[in-house]
Amino acid sequence: MKGRTAIITGGVQGIGLEVARKLASAGVNLVLADVNAAAGEAASKELSASTPAKFALTDLTNQDSVRDLVGVTIAEFGAIDYFVNCAAILDDKTFEESSPRDWQRMFDVCLLGPMYCLHDVLPVMKKQKFGRIVCFSSDSARIGQARLSYYAAAKAGVTALVKSIAQEVGPDGITANIVSPGATNTPMRMDREASLREQMGEEKYARREQAVQRAYPLRRIGEPSDVAPTVTFLLSDGAAWITGQVVSVNGGFTML
C-alpha cells in the first residue's frame, strides 16, 4: 500500500481517524476531508509524522467543494487510489417527531455527500484502471432501528448505491464495498449518549446502557479500533476479489 493515495471523508475523528492511522502506518498518502478545521489540522499534524498527510476543508453537501477536494488531491499526489467515506451525522427522533428539514439534512450529508464524491472520484480511478472504495452504512439500514428511521433510510441508500456502482466499474479494476458497524464509541455516538443521559437521568440511563450491551453477544460497545482493520483489509491487495459486499463489524448485534 506504500505510496498509494487515499481520501478519507470524516477522517479527522472517530473511525475515520483510526482508518487514517492504519493507512499512515502502511505509508499511504492521506487527504482528510471534513468540515471541522481545528480537528482536521490536528489530525493532519499527527499523521504527518508517519506519512504525507493533508487536511482539506470540505463540505460534502456542496458539489463544488467536493470537486475542489478531488482537485487538491490530484494536484498534491497525482492519483486517488482509495476512497473511504466515513462522514455522517446522527439524529435521535422518532419519525413523527422529525421534519422534512431533518430528512433533507440527513440525506444531504449521508447519501448525497457520498454520491458527489464518487461521481468525481470514479473518473480518476477509471483512468488509472485501479481503485478501492469503502463506504460506511449501518446495521440500522439492514434491520431498521427506532429513532433512527431517516438515518437508516439514508444509509440503505448508500448500500444500494455502492452495490450498483460495483457492478459498473469492476471491469476498470475498481472494487467497491460497504462496512456496516454496530454501535461504536465515536464522538458522534458519545454526543448522542450524553444528550440521552441528560434527558433520562443517571439511573435510568445506566439501565438502558446495560440493556444495549446485552444485545451484543460480545457484551460491549465497539471502538474505532475494532472497525478500522476491516476497512484497511478491503483497501488492500488481499481483497482484490471482493466487491459489492456488506461487511458487518458489530460484535454480533446482527448476524445476516
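The values are calculated or read from the model by the stated rules, or taken from the named source; none is laboratory data. Values in this document were obtained by computation on a predicted structure and should not be read as measured data. Here the Cβ positions follow ideal geometry from the backbone for every residue, glycine too, while neighbour counts run over all protein chains shown.
Scan segment 187-205 and tell me whether some residue there is aliphatic (A, V, I, L, M), under 27 Å from ALA24 (Cα atoms) and modelled with pLDDT under 90. Looking through segment 187-205, at least one residue is aliphatic (A, V, I, L, M), under 27 Å from ALA24 (Cα atoms) and modelled with pLDDT under 90.
Looking at SER164, SER180, SER137, just one residue is modelled with pLDDT of 95 or more, among the hydroxyl-bearing types (Ser, Thr, Tyr) and out of contact with any Lys or Arg (no Cβ under 9 Å at 6 or more places or on another chain), and that residue is SER164. Counting only helices (runs of 4 or more DSSP H) that fall entirely inside segment 1-94 and contain at least 1 residues that are crowded, with 21+ Cβ neighbours inside 10 Å and touching a Cys at 6+ places or on another chain (Cβ under 6 Å), the qualifying elements are 14-25, 63-77.
Of all residues in segment 201-256, those being closer than 20 Å to ILE143 by Cα, of a type in the set (Val, Ile, Thr) and part of a loop (DSSP other than H, G, I, E, B) number 2.
The listed residues are ALA153, ALA146, and the only one of them that is among the hydrophobic types (A, V, I, L, M, F, W, C) and farther than 22 Å from ALA176 by Cα turns out to be ALA146. Quickly run through segment 215-235 and pick out the residues that are surrounded by 14 or more Cβ atoms within 10 Å (Cβ to Cβ) and among the polar types (S, T, N, Q). Passing the criteria: THR230, THR232.
Residues of segment 158-176 include at least one that is outside any helix (DSSP H, G or I), in contact with a helix residue (DSSP H, G or I) (Cβ under 6 Å, 6 or more places away or on another chain) and either within 24 Å of ARG4 (Cα to Cα) or touching a residue at least 40 places away in the same chain (Cβ under 8 Å) (or both). Is there a residue in segment 133-144 that is in contact with a Phe, Trp or Tyr (Cβ under 6 Å, 6 or more places away or on another chain), within 28 Å of ALA24 (Cβ to Cβ), touching a residue at least 24 places away in the same chain (Cβ under 8 Å) and not in a helix (DSSP H, G or I)? Yes; the residues of segment 133-144 include at least one that is in contact with a Phe, Trp or Tyr (Cβ under 6 Å, 6 or more places away or on another chain), within 28 Å of ALA24 (Cβ to Cβ), touching a residue at least 24 places away in the same chain (Cβ under 8 Å) and not in a helix (DSSP H, G or I).
Name the residue, out of ILE7, ILE15, ILE80, that is of a type outside the set (Phe, Trp, Tyr) and over 20 Å from MET125 (Cβ atoms). If you could, list the steps in order and put the result at the bottom.
Values: ILE7 fails: over 20 Å from MET125 (Cβ atoms); ILE80 fails: over 20 Å from MET125 (Cβ atoms).
Among ILE7, ILE15, ILE80, only ILE15 is of a type outside the set (Phe, Trp, Tyr) and over 20 Å from MET125 (Cβ atoms).
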